[in-house]
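Have a look at the structure below before the remarks.
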Amino acid sequence: MDIKVLGPLEAQECGVSIVPTAGKPRQLLAVLALCAGQVVTVAGLMEELWSTDLPRSAPTTLQTYILQLRRRLEIALANDERTAKDVLITRHTGYLLDARPGEVDVQEYDQLAAAGHRALDAHDFEAASRLLGNALSLWRGPALVDVQAGPRLEIEVMRLEESRLGVLESRIDADLRLGRHHMLLSELAVLCAQHPLHENLHAQHMVALYRSGRQWRALDVYNRLRGTLVDELGVEPSPRLQHLQRAILTSDPVLDEPWQKGDSVAAQLVV
């Protein structure tokens with residue numbers, strides 16, 4: 001089994017795609033794929049497919065969709081000793097899509113992200129940058145971009161997108177601590193344009209610009225963010241960002257110092 005949800009939905013068994021073209025069977029497969037190795041209850045599947053507007057035929061229709069997925073699995077497993085019911089397993093309360101470790105991209109992503117954050121916490125910035133970068137490389141676009149989302153998928157897609165942004169911030173943080181500010185400039189410029197209210201990305205951009213000898217550009221980034229915050233939300237930048245602006249205005253030496261354990265001031269300015 002090869003399942004990918006970090007982008008358009010892909011699912012293959014023995015090299016053959018098992019992704020349906022119809023909307024609701026595709027949605028059903030997406031839920032089972034996200035929860036691969038876990039039982040998803042019948043009630044949970046019906047809620048995802050029909051929300052609170054359940055038709056009387058919902059249980060029967062769900063069984064029909066399961067049969068359609070199993071037919072696709074049967075074709076893919078034509079030369080395999082397993083059957084469709086060995087892969088899409090019926091349980092007392094629901095269904096389970098059987099997948100081995102490493103066969104689902106979201107599971108691999110979560111493992112790499114967790115390992116990267118542990119490395120960052122341990123101040124192993126080389127490992128953190130590598131692991132978090134590997135996690136991000138698994139993304140092929142917005143999660144399940146080609147699947148209609150019900151209540152469960154909406155929450156899970158939101159979690160994944162928030163996680164992706166958090167992992168990206170942490171990888172940039174690791175790279176800043178490794179002195180790779182020149183390499184980050186174009187990436188951070190794009191990210192700040194995509195997320196005009198995101199203070200941490202702007203703070204990282206300001207630090208990268210300052211360390212690249214572009215003090216005025218760093219201050220311009222702050223001023224543009226402040227203008228956006230005031231105009232759209234009626235709020236000033238956070239005290240932390242104001243602290244960073246003052247440090248740039250005064251060319252505080254701490255901005256140029258490599259991070260050292262226990263240097264909380266530098267950490268606050270960069271993270």
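Here, each number is a calculation from the coordinates, and none is a lab measurement. Here the structure is a predicted model, which means the values were calculated and not measured. No Cβ is skipped: glycine too gets one built from the backbone with ideal geometry, and neighbour counts run over all protein chains shown.
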Relative to a virtual label point 7 Å from the Cα of Ser137 in the Cα→beta-carbon direction, which members of region 82-104 show backbone nitrogen distances below 19 Å? 102-104
Over the alpha carbons of the chain, what is the largest minus smallest coordinate on each principal axis, giving the biggest first in Å? 69, 40, 28
Just need the relative contact order of region 153-234 here, percent rounded to a whole number, with Cα pairs under 8 Å and 6+ apart. 24
Mind listing the phi-derived Karplus ³J(HN,Hα) values for region 198-204, rounded to whole Hz, using 6.51, -1.76 and 1.60 with θ = phi - 60°, and x for any glycine or proline? 8, 5, 5, 4, 5, 4, 5
For region 168-182, take each phi angle, set θ = phi - 60°, evaluate the Karplus expression 6.51 cos²θ - 1.76 cosθ + 1.60, and give the result in whole Hz per residue in order, putting x for glycine and proline. 4, 4, 5, 5, 5, 4, 4, 5, 4, 5, 8, x, 9, 5, 4
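Hey, what's the Cα Rg ratio for region 16-139 versus the globular rule of thumb, 2.2 N^0.38 Å? Can you show the working numbers first?
Details: Rg = 18.0 Å, N = 124, 2.2 N^0.38 = 13.7 Å.
Normalised Rg, Cα atoms only: 1.31.
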If you average the sequence gap of Cα pairs under 8 Å that are 6 or more apart and divide by the length of region 89-207, what percent do you get for the contact order? 21
Scoring region 194-247 by relative contact order with C-alpha pairs under 8 Å, at least six apart, yields a percentage of 35
Would you mind getting me the FRET efficiency between Ala122 and Ser251? Use the beta-carbon distance for r and R0 = 22 Å, nearest 0.05. 0.10
Region 106-155: Cα Rg divided by the 2.2 N^0.38 Å rule of thumb: 1.41
3J(HN,Hα) from dihedral phi, region 244-255, Karplus parametrisation 6.51/-1.76/1.60, rounded to Hz, x for glycine, proline: 5, 4, 5, 5, 5, 4, 9, 6, 4, x, 4, 5
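For Ser186 and Thr228 in the same chain, what is the full-extension length gain: residue separation times 0.36 nm, less their Cα-Cα distance, in nm?
On the way: separation 42, 0.36 × 42 = 15.12 nm, distance 2.07 nm.
So the chain would gain 13.0 nm between Ser186 and Thr228.
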Let's test the formula: R0 of 45 Å, r as the Cβ-Cβ distance of Gln194 and Ile89. What FRET efficiency results, to the nearest 0.05? 0.65
Grab the DSSP H runs of the chain that are 4 residues or longer, score each as -39,500 (n - 2.57), total them, divide by all residues and round the 222 nm result to the nearest 500 deg cm²/dmol. -19500 deg cm²/dmol
With springs only between Cα atoms under 10 Å apart, run a GNM on the chain and tell me which of Leu34, Leu185, Leu233 wobbles the most. Leu233
Sequence of Ile89, Ile172, Ile248 once ranked by neighbouring C-beta atoms within 10 Å, starting from the fewest: Ile89, Ile248, Ile172
